[in-house]
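As structure tokens, the structure follows; a few thoughts come after it.
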Amino acid sequence: MRKIFLLIPALLPLLAGAQMLPAELCQGSRRPYPEPDSIVAAPDSLVAVMINHVGRHGARYATAPKRFADITDAMTNADLTPFGEKVLSSVNNAVNVTDGRWGDLDSLGQAEQRGIARRLCLAYPQLVIGQNISAISSYVGRCVASMDAFTSTVRRFQSGLGSVRTQSGRQFNRLMRFFQTDSAYVRWAAEKPYKTVLDEFTSKTTPGARLTDRVFRSLPENLDPEKFDADLYYCLSSQSAMGLPLTSMNLLTADEMNRLWQIDNLRQYLSRTSSTVSTLPADIAAPLLLDLIRSTDDFIAGRSTETVRLRFGHAETLMPLLSLMRLPDCYYLTHYFDTVSAHWQTWHVVPMASNLQMILFRSPASGRHYVRLDLNERPVAIDGLTYIPWERLRAHLLSLLPA
């Protein structure tokens, strides 16, 4: 049975004097992938034998034109300030660059996936050359294109020695798009039991009329400043992932972009992770977590010879999974929702091309297996351990599955 907690509306005012994040981080989940500075080496006492990889699609054009259209409809023919003219020009430029490719993987997204694949191949050539590799993806085009960019890099590294099998389609919805197919979650998401919390936080945090007054000389009739600000944030924060300069975000003041990011951050936290409102948004990742456990068991037991298993989905795939696994900085429970932005941050958890790698190692001396969990190619520790005995991690992960 999935646990649903009673909602406690304990909201405090925005933290006074909170540190202002730079524009790059205020892009949130639309931030391009933060490529690591180096490849992490494992100790000589361990040998990598298998990798489970779950990744988000790479950078892409904005998923839909509606918010861009809402902004241009509100601003076109309106009495704009010079600042407003710059904002409208930036939004129109993004629409022109997209040119009907809404949601498609772009060249930056392809490069992100190729880079992750290249580093995997360089770090673990023994798992790639001459080996069997499988990949699945969500049916959505940007996920398929991400899988293709990743696996084409792996194939070039193999130089004909080994195999890469790719599959995509709705048959993988249970693993890659459970947020769309889990009926209990679909009903929950439609009801939005977190709406009161989010509305109260938005009302206290939004720049509101302070931003619209900078855009318009006179406010258009029926304009909702709160909605306008949210739509404008989406339009500006989406542009760097399209390959456009970060200057679009810098049109906003530091205070404006931080406030708008915090609202968007809380929305994704409440709707996509385990919280004191409900555990359901994380529980729906149980089939994917169970698949990671079983595929690791199968390899250790000799029932599978696939040394690399790749899966390509969405931010909505990773946020629940990482929360369910209770990885550091990916799982946070509180009744004080103004503190969320200090402990759970979209730009850290799910930037474009974000990924979790479960790297299975074997000790030649003892024959025991260990796992290192890498989030965005950076190791994370659980209970102070970076290399965790598989039987210990397995028991821990099984204990996190909903009953």
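Laboratory data are not the source of any read-out in this text; all were calculated from the coordinates shown. All figures in this text were calculated on a predicted structure; none of them were measured in a lab. Neighbour counts are summed over all protein chains in view; Cβ atoms, including those assigned to glycine, are modelled from backbone coordinates with ideal geometry.
Descriptive notes on the structure:
- Average projection, convex hull of the Cα set of the stretch 53-199: 12.9 square nanometres.
- Mean separation of Cα contacts under 8 Å (6+ apart) over length of the chain, as relative contact order %: 31
- Acute angle (nearest 10 degrees) that the helix 254-272 long axis makes with the longest principal axis of the chain, alpha-carbon atoms: 50
- Amide H partners (placed H, <5 Å) of residue 352, local residues excluded: 31, 33
- Pairwise centroid distance, computed over Cα atoms, of the stretch 347-403 with the stretch 221-236, Å: 41
- Here is the P(r) of the chain: all C-alpha pair distances, binned every 20 Å from 0, give 26, 55, 17, 1 in whole percents.
- Between 0 and 90°, nearest 10: helix 315-324 axis offset from the chain longest Cα axis: 60
- The count of lysine pairs in the stretch 23-400 with alpha-carbon distances below 18 Å, taking only pairs 8 or more places apart or on different chains, stands at 5.
- Rounded to the nearest 500, the 222 nm mean residue ellipticity of the chain from helices alone is -13500 deg cm²/dmol, with -39,500 (n - 2.57) taken per DSSP H run of at least 4 residues.
- Scalar couplings 3J(HN,Hα) for the stretch 52-61, obtained by applying the Karplus form with A = 6.51, B = -1.76, C = 1.60 to θ = phi - 60°, are 9, 10, 10, x, 8, 4, x, 4, 8, 5 Hz; x denotes Gly and Pro.
- Rounded to 5, the percent of DSSP beta bridges in the stretch 23-400 classed as antiparallel: 55
- For residue 371, the residues whose amide H sits under 5 Å from its own are 361, 388, 390, ignoring neighbours fewer than 5 places away on the same chain, with H placed 1.01 Å from N.
- Between the C-alpha center of the stretch 279-300 and that of the stretch 121-197 there is a gap of 14 Å.
- Residue-wise HN-Hα couplings along the stretch 159-176, as the Karplus relation 6.51 cos²θ - 1.76 cosθ + 1.60 with θ = phi - 60° gives them from phi, are 6, x, 9, x, 9, 10, 10, 10, 9, 8, x, 5, 5, 9, 4, 4, 9, 9 Hz; Gly and Pro carry x.
- Listed by Cβ neighbour count within 10 Å, with the fewest neighbours leading, 348, 314 appear as 348, 314.
- Helix 390-400 vs. the chain, principal-axis angle (Cα, 0 to 90°, nearest 10): 40
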